[in-house]
Each structure stands twice: as C-alpha cells, then as structure tokens.
Amino acid sequence: MKDVARVIVTYDCPRNCPNCCNEHIGDVPAVKFEDLLKYKELVITGGEPMEIAPRVVEMIHRLRESGYKGKLWLYTSCLKTARWADRAVLQEVNGITYTLHHKPSQKDLSDVRKLNNFLMEKLDNRAHDRSDRLLIDSRCYTEEVLRIIGLYDTGTKHWSSIKPLEWKDDVCPIPDNEELIYYDLERE
Ligand code: SF4
C-alpha cells in the first residue's frame, strides 16, 4: 500500500471536458471508510468534489473524529467561496490544487477571482502550513486572464505556486507515491 491515496469521491463533474481523465483510468478499486484511515495523506478528487461539498465536509469531520491525523488535500476546478460548504472544505484541508480549464466563462473567471481574494484575506498560508496551487490551462494562461482573476492586483504570495498546465489527451498521470481509489461519498 502506498502512503498517499488519491480518492475519487464522485465521478460527476459539470465541466464535461473532452477526453476527461476519468475516461481513461480504467477500473479503480472501491474502498470503505475504514480503508481511508490507513493512508498518511488523502487527496480528495473527482469528478468534481465540490459538487457534493457538504458531503466532503462530513467526510473530513468523520475522518478527524475517527482519529485521522494525516494531511488532506483537495483537487477541484469548481469551488465557489459564496457557498458555506466550499469555504468549510477550504479551511479544513491543508491545501488545494485548483485548475482553471480551457475556454473559461466569465463566471469561471469570477469564481477564481473570489477564491484568490478569499485565500489572501481569510487564510494565512504560512500560519496554517498550507500549500495552495493554481493551475491554469496553458491555452488560456494569458496576461488578460491573470488580470481578470486579480493576480496583478493582489500579488501571488498567498499561492504556493501558479503554473500553466499542458493539457494532454489520453494521459492522466498519477505520482508514483499515490494510489488511486474510489470512495463512493454519494452513497456512504
Ligand atoms: S474538470 Fe476534470 S473531472 Fe471534470 S470533466 Fe474536466 S477533466 Fe474530467
């Protein structure tokens, strides 16, 4: 067993990207809640976990109440700071990896701008030992997009890293130290 589990909590996602990673990953072993406790770190992913953000909050609380002391990370591309559950998840995890996808709508850009402001104003990444990463599809990694999402106004220190992401069809790389598992949070 590896130290880190990348946990798919739902396959649902509103983005419907062409060649979504989940179309190519094959069978992913399903696990029970108790299995999650065996890993040193958990990376919560999907699909889009924030589609069921209140369930993710419950999952995190259940993990902590069960004595889980490992780090928790979130992969998302649809986090809205206006929703209580999304804010709660943001504050509970050790960090997020947020991906801004190709051809973002004005609403997508507005969501990232609000997230950028929230991290800067509400979460002190150094005090909480956070690591928040922003990935921007290289096809829309432009000065105009960076300006719209507020990075020119606010600076970037509250992000651990901001990088362009090369979109690769048919490839869904999982780091060597991570195990991909499925925990059906919608049914648990
Ligand atoms: S955002 Fe991710 S999970 Fe959702 S459709 Fe796109 S590649 Fe798939």
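Before moving on, here are some points about what is shown:
- The range 10-55 - residue that is in contact with a strand residue (DSSP E or B) (Cβ under 8 Å, 6 or more places away or on another chain) and closer than 18 Å to Lys80 by Cα and, of those, farthest from the ligand (Cβ to nearest atom): Ile44
- Filtered residue count, the range 166-185, keeping only those that are surrounded by 13 or more Cβ atoms within 10 Å (Cβ to Cβ) and modelled with pLDDT of 75 or more: 10
- Among the residues making up the range 1-42, those that are outside any loop (DSSP other than H, G, I, E, B), in contact (Cβ under 8 Å) with a residue 60 or more places away in the chain and under 23 Å from His61 (Cα atoms) are Val4, Ala5, Arg6, Val7, Ile8, Ala30, Phe33, Asp35, Leu36.
The values are calculated or read from the model by the stated rules, or taken from the named source; none is laboratory data. Bear in mind the structure is a predicted one, so any value in this text is a computation, not a measurement. Neighbour counts are summed over all protein chains in view; Cβ atoms, including those assigned to glycine, are modelled from backbone coordinates with ideal geometry.
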